[in-house]
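Heads up, the thing below is written out as structure tokens.
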Amino acid sequence: MSLLSIEGLSKSFGGVHAVSNVAFSLAAGEMLAMIGPNGAGKSTCFNMINGQIQPDAGRILLDGEEIVGRPPHEIWRRGVGRTFQVAATFASMTVLENVQLASMSHAGAVRRFWRPMALYPVEQARDLLDQVGMCEQADRPCGDLAYGDVKRVELAIALANDPKLLLMDEPTAGMAPKERIAIMTLTRDLARRRGIGVLFTEHSMDAVFGFSDRLLVLARGRLIAQGTPDEVRNDPAARSAYFGSDRAFEGIRT
């Protein structure tokens with residue numbers, strides 16, 4: 001059974017069909033990239049999967065259980081983590097406190113937030129920071145970090161609910177090439193080791209073709225191609241729709 005199964009997913013905004021009858025699956029430990037030009041429907045798909053938007057039609061099954069209609073906080077607690085194109089952390093809080101807060105939320109402790117943060121167990125937060133290579137900077141304010149390190153902290157936060165599924169929106173946005181490779185290598189290693197299914201959008205084709213097991217190609221809300229990197233690279237419809245040229249994927253490093 002697939003970790004995530006999407007069946008006939010559709011969403012319209014007025015007369016605009018943002019997503020039309022999209023269907024795909026994702027296995028545990030798999031890196032699945034979703035690509036397409038601006039307006040292809042990628043963000044709408046993400047927002048439907050984590051409950052921010054309700055679909056007009058279709059099913060979203062997580063481990064065989066329907067999650068359509070459930071609010072985002074409940075879907076998060078059922079094991080769906082997410083990172084965003086612009087990293088979302090509390091700049092004035094330390095790295096450790098940011099991850100502690102996420103762990104507290106997963107444990108249902110946010111209602112007792114008036115207690116000093118130091119009274120909450122820190123072992124899980126430090127373990128998560130160790131997994132993303134940020135333990136040595138645990139006591140630094142997030143606002144003092146380089147952007148690549150902020151993205152690592154955001155990844156630790158996304159892992160705080162012990163996710164089965166991780167949605168990553170432009171995980172390498174704003175990063176230098178070496179930082180892009182480092183964060184994608186880290187994500188792939190974590191996915192393999194912990195059996196996390198990763199669905200990610202990305203404009204860097206080097207990251208897409210270098211780190212995905214399979215690709216989905218959206219255009220105008222429709223899924224026009226899917227397969228391995230080599231299959232998509234050689235699909236004329238995918239090449240033409242994504243960049244308007246059948247030479248679009250030439251020269252991409254893998």
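The values are calculated or read from the model by the stated rules, or taken from the named source; none is laboratory data. Everything numeric in this text was worked out from a predicted model, so none of it was measured. Positions of Cβ are generated from backbone atoms using ideal geometry, with glycine treated the same way; all protein chains shown enter the neighbour counts.
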Filtering segment 32-91 down to residues that are aliphatic (A, V, I, L, M) and either within 30 Å of Ala138 (Cα to Cα) or assigned to a helix (DSSP H, G or I) (or both) yields Met48, Ile49, Ile75, Val80, Val86, Ala87, Ala88, Ala91
Only one of (1) surrounded by fewer than 17 Cβ atoms within 10 Å (Cβ to Cβ); (2) under 17 Å from the mean Cα position of the chain (by Cα); (3) not acidic (Asp, Glu) does not apply to Val217, and that is (1)
Margin query: Yes or no: segment 71-85 includes at least one residue that is loosely packed, with under 15 Cβ neighbours inside 10 Å, farther than 28 Å from Arg233 by Cβ and aromatic (Phe, Trp, Tyr).
Written below: no
Reported set for segment 165-222 where residues are part of a loop (DSSP other than H, G, I, E, B), in contact with a Leu (Cβ under 9 Å, 6 or more places away or on another chain) and of a type outside the set (S, T, N, Q) is Pro171, Gly195, Ile196, Asp213
Checked segment 182-200 for anything at pLDDT 95 or above and of a type in the set (Val, Ile, Thr); matches are Thr185, Thr187, Ile196, Val198
Screening Asp169, Asp213, Asp127 for residues that are charged (D, E, K, R) and without any contact (Cβ under 8 Å) to a residue 12 or more places away in the chain leaves only Asp127
Output for Cβ contacts, cut-off 7 Å, separation at least six or different chains, first residue touching a residue at least 24 places away in the same chain (Cβ under 8 Å) in segment 131-151, second of a type in the set (A, V, I, L, M) and surrounded by fewer than 14 Cβ atoms within 10 Å (Cβ to Cβ), reads Pro141/Ala91; Cys142/Ala91; Gly143/Ala91
Selection from segment 134-163 of residues under 19 Å from the mean Cα position of the chain (by Cα) and either small (Gly, Ala, Ser) or at positive phi (or both) yields Gly148, Ala156, Ala158, Ala160, Asp162
Restricted to segment 86-96 and to residues being polar (S, T, N, Q) and more than 17 Å from the chain's Cα centre (by Cα), the residue surrounded by the most Cβ atoms within 10 Å (Cβ to Cβ) is Thr94
Per the list (1) among the aliphatic types (A, V, I, L, M); (2) out of contact with any helix residue (DSSP H, G or I) (no Cβ under 9 Å at 6 or more places or on another chain); (3) surrounded by 17 or more Cβ atoms within 10 Å (Cβ to Cβ); (4) modelled with pLDDT under 95, residue check on Ala40 breaks on (2)
Exception for Gly197 within (1) closer than 15 Å to Cys45 by Cα; (2) touching an Asp or Glu at 6+ places or on another chain (Cβ under 6 Å); (3) of a type in the set (Gly, Ala, Ser) falls at (1)
Scanning segment 1-31 residue by residue, the ones that are part of a strand (DSSP E or B), small (Gly, Ala, Ser) and surrounded by fewer than 20 Cβ atoms within 10 Å (Cβ to Cβ) total 7
*Return yes or no: is Asp63 within 18 Å of the chain's Cα centre (by Cα), more than 24 Å from Glu170 (Cβ to Cβ) and of a type outside the set (Val, Ile, Thr)?*
yes
